[in-house]
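A quick write-up on the structure given underneath.
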Amino acid sequence: MKKQVCKTKGKNKSLNIAHVHWGYPPIIGGVETHLITVMPEMVKQGHSVSILTGAFEGCEDRYKENGVEIFRTPIMDLNWLNERGINGLEKEIKSIFSGFIDKVRPDIINAHNMHYFSKPHAKTLEELARIKGIPLIISAHNSWDDNLFLDLTRNIKWDKYIAVSHFIKRELMGAGVDDRKIAVIHHGIDHEKYITNKNPKNVYKSYPQLKGKKIIFHPARMGLAKGCDISIKAMRLVKERFPDAMLVLAGTKNIIDWGSHQQKDIAYMVNLVDFFGLRNNVLIDSYPLDLMPSLYSVADVCLYPSTVSEPFGLTMLEAMASAKPMIVTESGGMPEVIKDGINGFVIPIRDFEKLASKIIQLLDDKRLNHRFGYTGREMVEQHYTKEIVSSNMIRVYRSVL
């Protein structure tokens, strides 16, 4: 009898993966945090990883960080493009993209949020990938309600779509994408950074006004879309029950601010704090990334009352990994992760009274607070680690090769 041989050739072959995205730290946001989490993990799993991203003052054009080759160029800087405009850049875009692909010679290209912002960028990447025979994947971290989103989502020939939530998958389907071409992969985090016994000394040294207070942490960057105004309005009611409670809001310095709304939103929020006489109950600052785990550790409750259809919300995982209860709105992809009454609360959009009542409940009921916290931590360990998410992405890459 002839011996049967299992054919596994190429199954475990290491890949050469090229990512393309508008921003990378020191630019900070959900997509950027996702990339600095999964890309080094892909390197650790034995793959070669590079990224083409926007230029940033003080950063070299090309360098290596955590095993990842980083290429920077002004034509990927959305803040610059927002001011300058995109017209007339087609030749330069083609030259930069072609040079990047020729240097790294990738097996696969994973673009992030290039189904919006600029048709010349997306179209050039599509043409080069087709000419060079490289599969092209789009990771959709957001959706938009306009013609450019419909055009670039449907008419660019993406070989596969990665949606960060089932909500985003539905948005892609609504644009006419075949559901069979969409894989849903929630974000993941380095959960070991958010262990529950983080020493709070660094936080109290920088912000002594927090010591001994009930701390309500809104970790998403300041903006109306993130519901910061709703948190401030709720805080006015929470203060009546807990006069020494503190709301901690995260201002942000280095972000992609397409449309230049950030500073206007922050100015409104600061005025709102003064309007309600909450200056002694609200802390606003820009926190370094390495301080964030300690901020979570001193928090009693975490909030993300987004007023828009939030695609995912990475801060949910950070709070869960820190064993903290999370309150979110019934918006976008967030209810896919925060389960009402299990690891947090889900409330209606813009309902600051409901938000205040849930904050007060979690500050009053330590046992419920603890149960939500450790349940969230278990969920992260089982579903949302960087190892799990990176492996799921590699599996999608292999499926199109």
Yes or no: the stretch 385-392 includes at least one residue that is crowded, with 17+ Cβ neighbours inside 10 Å, in contact (Cβ under 8 Å) with a residue 60 or more places away in the chain and outside any helix (DSSP H, G or I). yes
Under 8 Å between Cβ atoms, at least 6 apart or on separate chains: pull out the pairs that start in the stretch 296-321 with a residue that is in the same structural domain as I359 (by TED's automatic domain parsing) and end on any residue that is part of a strand (DSSP E or B) and among the polar types (S, T, N, Q). Y304/T329; P305/T329; S306/T329; T307/T329; E310/T329
Residues of the stretch 29-53 being in contact (Cβ under 8 Å) with a residue 60 or more places away in the chain and over 26 Å from M316 (Cβ atoms), in sequence order, are H47
Which one of G54, G85 is of a type outside the set (A, V, I, L, M) and either within 22 Å of N392 (Cα to Cα) or surrounded by fewer than 18 Cβ atoms within 10 Å (Cβ to Cβ) (or both)? G85
Within the bounds of the stretch 355-365, is there any residue that is part of a helix (DSSP H, G or I), basic (K, R) and crowded, with 19+ Cβ neighbours inside 10 Å? yes
Exactly one of H187, H191, H218 is of a type outside the set (D, E), in contact with a His (Cβ under 9 Å, 6 or more places away or on another chain) and in contact (Cβ under 8 Å) with a residue 60 or more places away in the chain, and that residue is H187
Residue check, L278 modelled with pLDDT under 95 and assigned by TED's automatic domain parsing to the domain that holds K198: no
Strands (runs of 3 or more DSSP E) (entirely within the stretch 139-246) containing at least 2 residues that are on the phi < 0 side of the Ramachandran plot and touching a Leu at 6+ places or on another chain (Cβ under 7 Å): 160-163, 215-221
Any chance E60 is modelled with pLDDT of 95 or more, in a loop (DSSP other than H, G, I, E, B), over 29 Å from M173 (Cβ atoms) and assigned by TED's automatic domain parsing to the domain that holds V43: yes
Does K123 count as in contact with a helix residue (DSSP H, G or I) (Cβ under 9 Å, 6 or more places away or on another chain), in a helix (DSSP H, G or I) and farther than 24 Å from R105 by Cα? no
Residues that are buried (at least 18 other Cβ atoms within 10 Å of the Cβ) and among the charged types (D, E, K, R): does the stretch 134-149 have at least one? no
Verdict on F100 being surrounded by 20 or more Cβ atoms within 10 Å (Cβ to Cβ) and assigned to a helix (DSSP H, G or I): yes
Give the residue that is surrounded by the fewest Cβ atoms within 10 Å (Cβ to Cβ), with candidates limited to residues of the stretch 178-224 that are among the aliphatic types (A, V, I, L, M) and farther than 30 Å from D364 by Cβ. V184
Under 6 Å by Cβ, and 6 or more places apart or on different chains, what pairs join a residue from the stretch 132-145 that is within 17 Å of S309 (Cα to Cα) with one that is assigned to a strand (DSSP E or B) and among the hydrophobic types (A, V, I, L, M, F, W, C)? A140/A163
Within the stretch 69-79, is even one residue over 30 Å from M222 (Cα atoms), more than 19 Å from the chain's Cα centre (by Cα) and surrounded by 14 or more Cβ atoms within 10 Å (Cβ to Cβ)? yes
For the stretch 315-337, what are the residues that are surrounded by fewer than 24 Cβ atoms within 10 Å (Cβ to Cβ) and under 22 Å from N202 (Cβ atoms)? A323
Restricting attention to the stretch 204-231, the residues that are of a type in the set (A, V, I, L, M, F, W, C), out of contact with any Pro (no Cβ under 8 Å at 6 or more places or on another chain) and under 17 Å from Q262 (Cα atoms) number exactly 5
Any residue in the stretch 325-340 that is touching a Phe, Trp or Tyr at 6+ places or on another chain (Cβ under 9 Å), more than 18 Å from M379 (Cα to Cα) and part of a helix (DSSP H, G or I)? no
Identify all residues within the stretch 271-290 that are in a helix (DSSP H, G or I) and either of a type outside the set (V, I, T) or surrounded by fewer than 17 Cβ atoms within 10 Å (Cβ to Cβ) (or both); write none if there are none. N271, L272, D274, F275, R279, N280, N281, L289, D290
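The values are calculated or read from the model by the stated rules, or taken from the named source; none is laboratory data. Just so it is clear, the model here is predicted, and its values are computed rather than measured. No Cβ is skipped: glycine too gets one built from the backbone with ideal geometry, and neighbour counts run over all protein chains shown.
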